1. Quick one: in the range B:109-129, of everything that is open to solvent by 40 Å² or more (accessible area, probe 1.4 Å) and at the interface with another protein chain (Cβ under 8 Å from one of its Cβ atoms), which residue is nearest to B:VAL153 (Cα to Cα)?
2. Look through B:ILE28, B:ILE36 and report the one residue that is within 11 Å of chain C (Cβ to nearest Cβ) and either in contact with a strand residue (DSSP E or B) (Cβ under 7 Å, 6 or more places away or on another chain) or free of Cβ contacts under 8 Å to residues at least 60 places away in the same chain (or both).
3. How many of the residues in the range A:156-169 are open to solvent by less than 20 Å² (accessible area, probe 1.4 Å) and more than 9 Å from chain B (Cβ to nearest Cβ)?
4. Look through the range B:130-164, keep the residues that are within 7 Å of another protein chain (Cβ to nearest Cβ) and not aliphatic (A, V, I, L, M), and return whichever of them is farthest from the chain's Cα centre (by Cα).
5. Would you mention how many residues in the range B:192-209 are at the interface with another protein chain (Cβ under 7 Å from one of its Cβ atoms) and more than 30 Å from B:MET37 (Cα to Cα)?
6. Do any helices (runs of 4 or more DSSP H) entirely within the range A:39-113 hold 1 or more residues that are at pLDDT 75 or above and not aliphatic (A, V, I, L, M), and if so, which?
7. Only one of these conditions is not met by B:MET37: (1) over 21 Å from C:GLY7 (Cβ atoms); (2) at pLDDT below 95; (3) touching a Gly at 6+ places or on another chain (Cβ under 7 Å). Which number is it?
Amino acid sequence: MTYARRAWIVLWKDAVTERRAKATLNALLFFSLLLLFVFQFTLGGDRERLVAALPGLLWLSFVLTGLVGLGRAFLVERENDCWDGLLMTAGDKSAIYLGKVAGNVILMLLVEIILLVLFAVFFNVDIGQALPPLALILPLGTVGFAAVGTLFAAMTAHVRAREILFPVLLLPVQIPVLLGAVKATEAALAGEGLGGVTHWLQLLGAADVVYVVAGLLTFDALLEG
Amino acid sequence: MNRALGWLAAVGLAGGLVMAFGVAPREITQGNVQRIMYLHVPTVLVAYLAFAVVLVASIAYLWRRSPAADRLAHASAEVGVLFTGLTIVAGAIWGKPTWGTWWTWDARLTSVAILFVMYLGYLLLRGMIEDRERAARYSAVLGIVAALDIPLVHFSVYWWRTLHQPPSLLKPGPATMSPEILAALLVNIVAFVLLYVYFVAKRATVLRREENVPA
Amino acid sequence: MTADHWGFVLSAYGIAAIALGAYWRHLCRRDRELTAQRSHAAQTAAHRRTNPVSPVQP
């Protein structure tokens with residue numbers, strides 16, 4: 001079985017499980033909607049201030065939702081005693097990693113797009129002209145987040161206090177991606193286009209490459225026991 | 001062998017103090033408070049050295065599964081976190097009289113703070129896995145990812161701080177580095193590196209002996 | 001002339017000295033504990049060799 005086929009199978013299995021259960025996607029959407037409400041209540045009624053903070057709030061929502069979602073990345077395997085099945089996979093186990101990351105990226109992008117639309121609606125922001133640049137920025141940021149997040153989720157899956165350890169390990173490492181994504185989103189929402197933030201996009205791209213390669217090379221070591 | 005190293009480090013540190021307070025001149029713009037530099041710069045350089053060693057040892061462990069590499073990574077991370085903490089504290093104490101504030105989100109301090117939190121997480125992960133072999137494997141992966149992140153952190157934080165901010169803060173060093181200042185800095189750097197090596201060797205030895213203790 | 005802020009200088013060096021010193025003492029203490037454990041284990045093993053517990057009742 002080829003490498004790509006193995007990765008695809010993992011992705012397909014997760015997608016089918018998700019389609020049948022719909023639990024994760026629904027819960028994540030609900031969670032992110034609640035975040036939106038919380039932002040409105042905690043940041044007060046000053047629309048100007050909210051709109052000014054919008055890039056940061058958007059990515060804060062994506063990160064918080066991602067932490068909840070990614071923290072469960074290997075939950076299905078763990079709860080259903082399938083972890084050993086992963087361990088016994090023949091050949092290069094990094095194909096599993098690739099499949100998992102792809103699945104997580106798709107899941108997160110779905111949530112992010114819906115959340116973006118909700119933000120625009122609830123805070124009455126016109127994002128029409130920002131959509132093309134955002135179509136580039138969102139995947140760049142999400143891949144970086146999912147690549148490390150999936151790796152750390154596997155790492156913390158069998159550790160005590162995994163619920164607190166996972167965000168504690170992930171957040172500091174994600175700061176470059178967060179900074180880059182927020183800065184680029186700022187430019188996009190301000191209608192400036194991406195010309196002024198190419199260095200940030202390059203940083204995001206570089207981070208994505210570094211994280212995915214690191215994940216591919218080290219995932220095997222996590223699955224040995 | 002280790003004891004000789006310890007004495008060497010002690011002598012180096014004593015020499016460093018003499019250089020920092022006796023030989024180095026009083027700085028023109030900042031006054032004597034600038035002497036904190038002879039502590040702050042060596043500790044941050046040692047911290048980066050420590051985490052570079054963690055990277056190399058982590059890769060070596062995943063490649064060769066050598067327990068010695070794992071002990072080296074563990075020890076170096078611990079000492080590195082210690083020196084990073086000292087860097088932040090010294091930096092804050094230096095900042096208060098010179099910048100008027102204990103903390104500022106300038107590029108250097110922010111980068112070091114992120115470094116501190118990342119490797120503190122490394123130690124936390126180690127502490128939470130009972131199985132020695134698994135702890136070694138998992139921390140090696142984390143050690144590699146954290147180290148690869150360091151340049152990304154540097155660029156992102158630097159751009160975040162400087163591209164829309166006027167460079168308003170004093171540089172840590174004096175305007176020009178006279179030979180005395182440079183010499184004092186170098187002596188202190190060497191002294192702290194010796195201290196680092198001594199600490200890591202001692203810590204790794206303790207780790208090795210702890211492994212041999214019958215459960 | 002700018003103020004010298006010797007208090008700050010001494011605080012910085014003082015905290016560093018205390019932290020590094022405490023870590024060093026911690027390592028030395030752990031080292032001593034391990035040596036004591038090892039010699040105690042060796043003593044117990046030697047004692048057991050010279051005074052074996054006999055399964056046979058006298």
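1. So, considering only residues that are open to solvent by 40 Å² or more (accessible area, probe 1.4 Å) and at the interface with another protein chain (Cβ under 8 Å from one of its Cβ atoms), the one nearest to B:VAL153 (Cα to Cα) is B:VAL117.
2. B:ILE36
3. Total satisfying the criteria: 2.
4. Step by step, filter the range B:130-164, then rank; the result is B:ARG134.
5. Within the range B:192-209, residues that are at the interface with another protein chain (Cβ under 7 Å from one of its Cβ atoms) and more than 30 Å from B:MET37 (Cα to Cα) number 2.
6. A:47-52, A:54-71
7. It is condition (1) that B:MET37 fails.
Rundown of residues vs (1) within 19 Å of the chain's Cα centre (by Cα); (2) open to solvent by 60 Å² or more (accessible area, probe 1.4 Å), yes/no style:
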{"residue": "B:GLY15", "(1), (2)": "no, no"}
{"residue": "B:MET19", "(1), (2)": "no, no"}
{"residue": "B:VAL23", "(1), (2)": "no, yes"}
{"residue": "B:ILE28", "(1), (2)": "no, yes"}
{"residue": "B:SER58", "(1), (2)": "yes, no"}
{"residue": "B:TRP63", "(1), (2)": "no, yes"}
{"residue": "B:ALA68", "(1), (2)": "no, no"}
{"residue": "B:ARG71", "(1), (2)": "yes, no"}
{"residue": "B:HIS74", "(1), (2)": "yes, no"}
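The values are calculated or read from the model by the stated rules, or taken from the named source; none is laboratory data. From a predicted model like this one, the values you see are computed outputs, not experimental measurements. Using ideal geometry, Cβ is built from the backbone for each residue, glycine included, and neighbour counts are taken over all protein chains shown. For the accessible areas, the whole protein counts, side chains as well, though only heavy atoms, and no ligand, DNA or RNA atoms are used. Shrake-Rupley method; radii C 1.70, N 1.55, O 1.52, S 1.80 Å.
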